[in-house]
Structures are given as structure tokens and as C-alpha cells.
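Novice: Take a look at the following structure, please.
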Amino acid sequence: MRYDALAFDTGGTVLDWHGSLVDELARVPAWQGQPFDRHEFANAWRRSTMKGIVGQARPAFNMDDVHLRALDDTVQVFGLPALAEQSRHDL
């Protein structure tokens, strides 16, 4: 058998986006001492982002914009204080 290509997705296996994001959420100044589940926040943000991109045949958007809109929505859902612009973009 001859293979022309071997492809695989490393997004959730090799790259630990979830753990890294949870660590960063703990460092957000406006949220220090806020009682919320950072793991659930990370998952909710990811789900919201994916809803904004899945099924797009010819997307006419920037992924950063989708992530920021989803972040804003998730912050509201969790009832957290608004982020300073720098913290928002850092996340």
C-alpha cells in the first residue's frame, strides 16, 4: 500500500489549549477572586466560538473577531466584570 499523505489533528491531543486557557483566565486582573469555574468558562467559550465558524462554506470573517465576540458573550453569560481592552486581546 502506498500513502501520498498522512494527516492528523493535534489541536486537542498535542496542544493543550484548555489547560493553557484556564491558567490565563486565573491571571485576568478584573477576575481575581471571582468565584467561577474556569474550566467551564473555557469550554463555554470554545463552544460559542465553534458555533460561529462551523458550517461556513466561504467564511468572510476573521477568526480573531469570532473569538472576541464569543469571549464577550461568554463573559456576559458568566456574569463577570467587563475586561479591559488589553486583557480581552491578551486572552
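The values are calculated or read from the model by the stated rules, or taken from the named source; none is laboratory data. In this text the structure is predicted, and so the values were computed from the model without any measurement. All Cβ positions, even for glycine, are placed from backbone atoms using ideal geometry, and neighbour counts span all protein chains on display.
Novice: When you look at A82, is it in contact (Cβ under 8 Å) with a residue 40 or more places away in the chain, part of a helix (DSSP H, G or I) and exposed (fewer than 15 other Cβ atoms within 10 Å of the Cβ), yes or no? Break it down into steps so the answer makes sense when it comes.
Specialist: Details: in contact (Cβ under 8 Å) with a residue 40 or more places away in the chain: yes; part of a helix (DSSP H, G or I): no; exposed (fewer than 15 other Cβ atoms within 10 Å of the Cβ): yes.
Spelling it out, it is not the case that A82 is in contact (Cβ under 8 Å) with a residue 40 or more places away in the chain, part of a helix (DSSP H, G or I) and exposed (fewer than 15 other Cβ atoms within 10 Å of the Cβ).
Novice: Tell me the residue from R2, R27 that is surrounded by fewer than 11 Cβ atoms within 10 Å (Cβ to Cβ), assigned to a loop (DSSP other than H, G, I, E, B) and of a type in the set (D, E, K, R), please.
Specialist: R2
Novice: Output yes when any residue across region 54-73 is surrounded by 11 or more Cβ atoms within 10 Å (Cβ to Cβ), of a type in the set (K, R) and at pLDDT 95 or above, and no when none is.
Specialist: no
Novice: Would region 40-53 turn up any residue that is among the polar types (S, T, N, Q) and loosely packed, with under 11 Cβ neighbours inside 10 Å?
Specialist: Residues of region 40-53 among the polar types (S, T, N, Q): 43, 48-49.
From what's left, loosely packed, with under 11 Cβ neighbours inside 10 Å: none.
The answer is no; no qualifying residue exists.
Novice: Could you check how many residues of region 1-56 are within 13 Å of the chain's Cα centre (by Cα) and among the polar types (S, T, N, Q)?
Specialist: First, the residues of region 1-56 that are within 13 Å of the chain's Cα centre (by Cα): 11-12, 16-25, 38-53.
This time we only want the ones that are among the polar types (S, T, N, Q), so: 20, 43, 48-49.
Residues meeting the conditions: 4.
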